[in-house]
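Right, one structure below, let's go through it.
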Amino acid sequence: MNWRSAMELTYFSIGSQHKMKDFIAALHQKAIEPRSIFLSFGLMIHNVSQHDAYRQYMCRAMDMDSPIPDTKVMNITLKVKMKPRLTGNAKTEHWGVLGEWANLTCLVKAEPPAKFEWLHRGRSLSPSDEIFIVTEENKSTLQVLVQHESKFGDYSCRARNELGQMNRTMTLFKGQKPPPPVLEEELATPDAVKIRVKQGPSGIDRTKDPAADEERKKGKLLPIIGYVVQYKMATRGDWTTANVTKYDGGFILRGLTPQITYYIRAASKNVASVGDFSNPLKVITPKTSPWKITDTAANVHPSSVVAVLCNLVILQFLASLL
């Protein structure tokens, strides 16, 4: 790391390089670590490693000849050169659905920043109607429109800079869009509704079932990881995407208004795609309700709470008599 640029910025007001050197040395000598040596033109750090990358240093100088001291400060980030290497939890398995876009992401650490190249079946990929590449600093995302079977298979991400290169192979597998779920109302309160979700076909491998063979040709049916939920009042036409709370059997929609008729629909999500929406479920929120919706499969009735408290009181009374 060199402080020469910072010092040149202060030459016009310092008066002499010697005075500036003495001042900065006196100011920072205690702060300089053992691996560092203060020089007339900057700071030298020995045995630099990747652990030093992006450490922050501060260069401070003062005009000692001026009646009014004038301090100049520059913050410096130490960048350590390194060839590209993978960072984070890089996935090698990705899933796509015929007729939809699939994303593959390559994230690396590199200094200088890496340049990326994507390959499929040994051929370099370029942007087209079926290929879109989004590149940021040390990150590249390949978006592929999966229009036919040939789009599945291995893709290679190649990241390079002046110090070397790195190759990463990822596989795009054929997945299946999740089927529409079936919604059932479990409990409605004045401001919330608890919806039980039943999934469509299970995707169990029935080897002697011709219908199952056709399903397998569509791709693997993957586990459900969440839902996209929308709702609207019966008197309005626009659907609103909702923030819901998941529980083991479905989801909870909160923030509703008492005595209003709502329509609710949901689409299941897996790692490959978002499925089609279910048939709308009609829900009418009551004016009042003795029930309380919880984030678990069980719901709470106030009378049950009172009963539990009464039992505790009785038990404590009987214990005092013993």
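The values are calculated or read from the model by the stated rules, or taken from the named source; none is laboratory data. Because the structure is predicted, anything quoted here is derived from the model rather than measured. All Cβ positions, glycine included, derive from the backbone under ideal geometry; neighbour counts span all protein chains shown.
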Seminar exercise, completed: Pairing a residue in segment 236-261 that is among the acidic types (Asp, Glu) with any residue that is not in a loop (DSSP other than H, G, I, E, B), where Cβ atoms lie under 7 Å and the two sit 6 or more apart in sequence or on different chains, gives 238/232
For this session: Select from segment 59-86 the residues that are free of Cβ contacts under 8 Å to residues at least 40 places away in the same chain and within 30 Å of the chain's Cα centre (by Cα) and list them in ascending order.
Result: 77, 79, 80
For this session: Name the strands (runs of 3 or more DSSP E) wholly inside segment 57-121 in which the number of residues that are in the same structural domain as residue 133 (by TED's automatic domain parsing) and aromatic (Phe, Trp, Tyr) is 1 or more.
Result: 93-96, 101-111, 115-120
For this session: Report whether or not residue 261 is farther than 30 Å from residue 111 by Cα, surrounded by fewer than 14 Cβ atoms within 10 Å (Cβ to Cβ) and either modelled with pLDDT of 95 or more or hydroxyl-bearing (Ser, Thr, Tyr) (or both).
Result: yes
Seminar exercise, completed: Scanning segment 46-71 for residues that are closer than 23 Å to residue 111 by Cβ and in contact with a Phe, Trp or Tyr (Cβ under 9 Å, 6 or more places away or on another chain) gives 57, 59
Exercise. Going through segment 280-293 one residue at a time, which ones are assigned to a loop (DSSP other than H, G, I, E, B), touching a residue at least 40 places away in the same chain (Cβ under 8 Å), under 13 Å from residue 262 (Cα atoms) and touching a Leu at 6+ places or on another chain (Cβ under 9 Å)?
Worked result: 285
